[in-house]
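**Q** What follows is a single structure, and I will ask about it in a moment.
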Amino acid sequence: MSELLIRARDVRIGFPVTRGIVFQREVARVQAVDGVDLDLHEGETLAIVGESGCGKTTLARGLVRLQPVDSGTIEYRGRDITGLRGRDLSAFRREVTMIFQDPIAALDPRMRIGQSVQEPLDIHDIGTPKERRARVQNALERVGLSAEHYNRFPHEFSGGQRQRIGIARALVMNPKVIVCDEPVSALDVSVQAQILNLLDDLQRDLGLAYVLIAHDLDVVRYLSDRVQVMYLGRTVEAGTDDQVYDAPRHPYTAALLAARPVADPARARTRDRIVLQGDVPSPIDPPAGCRFHPRCPMAQAGCAVTDPALEQDPAGHGVACLHPLAP
């Protein structure tokens, strides 16, 4: 069995809500991630999906230590990384890197592309200046750009090219894990396919493991080995991509799948739809019991009282629901 790279247990990440101008005091707390578990093995892709505001990006930033974790543990190769500092944290960030969602905001417009991609090598003091330049040029070529692009500025590139630059920056450290925060959501459909194919090729050639953050379920199906569905900071369903796509057990997962566009008009008119009512509740004051019950078409009286735990069947398909859908 492949090596377990990342193991997270009961991870909780919150943000304070303050009041006051001169003297601020905390009046509430937004619990963006509320007790999430996950495992990531070598060479696999774990997709984390859900609506905007469900906590998936906060979780991703916590996995790479860009966001402090309030409680719980995140282990990398058996070592707890939540309290790492100094050289230990620097060593961890050589092996776990991140691709950001917005390819425009992720690049400093004042820096040349070569400088942006080389910056991690400079920070970690890896190689001589000549070796660093060669490594950057190799990374650019690997993502489909030219070594001649080294001295150009970000505004000279299209959105898809900028995302390739972001991928090159994540690759230049030769990582084991890349956390991809919605890497194609800001791109045109045709460019999305190119970037997805690139990520797939890189994983196959380099043996990378991905944590893929996405709300587009078709993107997830193309790349993922396992899928974890989040709602209001918690995991409501988890399993292999075939389990989650072909036999969803949670009504929320079924609703997400039903919302996907269908190219065939006849099929679109006849397919079953689960229409969710209302908006996502505020994470400052989540509903009692099952957090999904105010919007769930299958909710019953007990759903407003009992908070269901994530329970797995013998095949490893987990669902947090008192009245799960039939398999």
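The values are calculated or read from the model by the stated rules, or taken from the named source; none is laboratory data. These numbers come from a predicted model, not from an experiment. Note: ideal-geometry Cβ built from the backbone for every residue, glycine included; neighbour counts use all protein chains shown.
**Q** Pick from V229, V236: which is at pLDDT 95 or above, under 14 Å from the mean Cα position of the chain (by Cα), surrounded by 23 or more Cβ atoms within 10 Å (Cβ to Cβ) and not small (G, A, S)?
**A** V229
**Q** Evaluate the stretch 254-274: report whether one residue or more is in contact with a Phe, Trp or Tyr (Cβ under 8 Å, 6 or more places away or on another chain) and within 28 Å of A28 (Cβ to Cβ). Lay out the reasoning, then the answer.
**A** First pass over the stretch 254-274, keeping only residues in contact with a Phe, Trp or Tyr (Cβ under 8 Å, 6 or more places away or on another chain): 257.
So of that shortlist, the ones also within 28 Å of A28 (Cβ to Cβ) come out as none.
Scanning the stretch 254-274, I find no residue that is in contact with a Phe, Trp or Tyr (Cβ under 8 Å, 6 or more places away or on another chain) and within 28 Å of A28 (Cβ to Cβ), so the answer is no.
**Q** Return the only residue of D188, D205, D241 being without any contact (Cβ under 8 Å) to a residue 24 or more places away in the chain and of a type outside the set (V, I, T). Don't jump to the end; show me each part of the working.
**A** Values: D188 fails: without any contact (Cβ under 8 Å) to a residue 24 or more places away in the chain; D241 fails: without any contact (Cβ under 8 Å) to a residue 24 or more places away in the chain.
Step by step, each of D188, D205, D241 is checked, and only D205 is without any contact (Cβ under 8 Å) to a residue 24 or more places away in the chain and of a type outside the set (V, I, T).
**Q** For the stretch 105-118, give me the residue count where each residue is in a loop (DSSP other than H, G, I, E, B) and surrounded by 15 or more Cβ atoms within 10 Å (Cβ to Cβ). So that I can check it myself, show each step before the final result.
**A** Within the stretch 105-118, the first condition is being in a loop (DSSP other than H, G, I, E, B), and the residues that meet it are 105-112.
Those left that are additionally surrounded by 15 or more Cβ atoms within 10 Å (Cβ to Cβ): 106-107, 112.
Residues meeting the conditions: 3.
**Q** Let me confirm something: among G127, G86, G114, G62, which residue is under 30 Å from Y231 (Cβ atoms) and not hydroxyl-bearing (S, T, Y)?
**A** On the way: G127 fails: under 30 Å from Y231 (Cβ atoms); G86 fails: under 30 Å from Y231 (Cβ atoms); G114 fails: under 30 Å from Y231 (Cβ atoms).
Result: G62 is the single residue among G127, G86, G114, G62 that is under 30 Å from Y231 (Cβ atoms) and not hydroxyl-bearing (S, T, Y).
**Q** Let me ask something else. What residue, of P248, P287, P308, is modelled with pLDDT of 90 or more, closer than 30 Å to V184 by Cβ and in a loop (DSSP other than H, G, I, E, B)? Give the derivation first.
**A** Values: P287 fails: closer than 30 Å to V184 by Cβ; P308 fails: closer than 30 Å to V184 by Cβ.
Going through P248, P287, P308 in turn, just one is modelled with pLDDT of 90 or more, closer than 30 Å to V184 by Cβ and in a loop (DSSP other than H, G, I, E, B): P248.
**Q** Determine the pairs where a residue that is touching a residue at least 60 places away in the same chain (Cβ under 8 Å) and within 16 Å of M230 (Cα to Cα), located within the stretch 281-294, has a partner that is surrounded by fewer than 18 Cβ atoms within 10 Å (Cβ to Cβ) and acidic (D, E) with Cβ atoms under 9 Å apart, the partner being 6 or more residues away or on another chain.
**A** R291/D307
**Q** Could you tell me whether the stretch 125-135 includes any residue that is touching a residue at least 24 places away in the same chain (Cβ under 8 Å) and either among the acidic types (D, E) or part of a helix (DSSP H, G or I) (or both)?
**A** yes
**Q** Quick one: count up the residues across the stretch 142-193 that are under 20 Å from V96 (Cβ atoms), part of a helix (DSSP H, G or I) and among the polar types (S, T, N, Q). First the steps, then the outcome.
**A** To start, the set of residues in the stretch 142-193 that are under 20 Å from V96 (Cβ atoms) comprises 142-143, 163, 165-183.
Retained after the next criterion (residues that are part of a helix (DSSP H, G or I)): 142, 163, 165-171.
This time we only want the ones that are among the polar types (S, T, N, Q), so: 163.
Residues in the stretch 142-193 being under 20 Å from V96 (Cβ atoms), part of a helix (DSSP H, G or I) and among the polar types (S, T, N, Q): 1 in total.
**Q** How many residues are assigned to a helix (DSSP H, G or I) and closer than 21 Å to S158 by Cβ if we restrict to the stretch 201-240? Don't jump to the end; show me each part of the working.
**A** Of the stretch 201-240, the ones assigned to a helix (DSSP H, G or I) are 201-206, 217-223.
Filter once more, keeping what is closer than 21 Å to S158 by Cβ: 201-202, 219.
Number of matching residues: 3.
**Q** Kindly check whether there is at least one residue in the stretch 183-203 that is closer than 30 Å to V49 by Cβ, at pLDDT 95 or above and among the polar types (S, T, N, Q).
**A** The answer is yes; a qualifying residue exists.
Here is a yes/no grid of residues against (1) in contact with a Leu (Cβ under 7 Å, 6 or more places away or on another chain); (2) within 24 Å of R9 (Cβ to Cβ):
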| position | (1), (2) |
| --- | --- |
| K56 | no, yes |
| D70 | no, yes |
| T82 | no, yes |
| T97 | no, yes |
| D102 | no, no |
| L145 | no, no |
| H149 | yes, no |
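**Q** Then there is this: Are there any pairs with C-beta distances below 7 angstrom linking a residue in the stretch 12-31 that is closer than 19 Å to A60 by Cα to a residue that is surrounded by 10 or more Cβ atoms within 10 Å (Cβ to Cβ) and hydroxyl-bearing (S, T, Y), with the two at least 6 apart or on different chains, and if so which?
**A** R12/S71; I13/T58
**Q** Next question. Kindly indicate whether any position in the stretch 56-77 is in a loop (DSSP other than H, G, I, E, B) and in contact with a helix residue (DSSP H, G or I) (Cβ under 6 Å, 6 or more places away or on another chain).
**A** Checking the stretch 56-77: at least one residue is in a loop (DSSP other than H, G, I, E, B) and in contact with a helix residue (DSSP H, G or I) (Cβ under 6 Å, 6 or more places away or on another chain).
**Q** With respect to V244, determine if the residue is of a type in the set (A, V, I, L, M), within 20 Å of F292 (Cβ to Cβ), surrounded by 20 or more Cβ atoms within 10 Å (Cβ to Cβ) and more than 14 Å from the chain's Cα centre (by Cα). Give the derivation first.
**A** Numbers: of a type in the set (A, V, I, L, M): yes; within 20 Å of F292 (Cβ to Cβ): yes; surrounded by 20 or more Cβ atoms within 10 Å (Cβ to Cβ): yes; more than 14 Å from the chain's Cα centre (by Cα): yes.
Answer is yes for this residue.
**Q** It is to be established whether one or more residues within the stretch 155-171 are without any contact (Cβ under 8 Å) to a residue 12 or more places away in the chain and of a type in the set (A, V, I, L, M, F, W, C).
**A** Within the stretch 155-171, none of the residues are without any contact (Cβ under 8 Å) to a residue 12 or more places away in the chain and of a type in the set (A, V, I, L, M, F, W, C).
**Q** Further, regarding this structure: Mind counting the residues in the stretch 64-83 that are crowded, with 16+ Cβ neighbours inside 10 Å, touching a residue at least 40 places away in the same chain (Cβ under 8 Å) and more than 14 Å from L4 (Cβ to Cβ)?
**A** Number of matching residues: 5.
**Q** A follow-up question, please. Run down I284, I274 and say which single residue is of a type in the set (A, V, I, L, M), more than 30 Å from G43 (Cα to Cα) and crowded, with 17+ Cβ neighbours inside 10 Å. Show your work before the answer.
**A** Details: I284 fails: crowded, with 17+ Cβ neighbours inside 10 Å.
The conditions single out I274.
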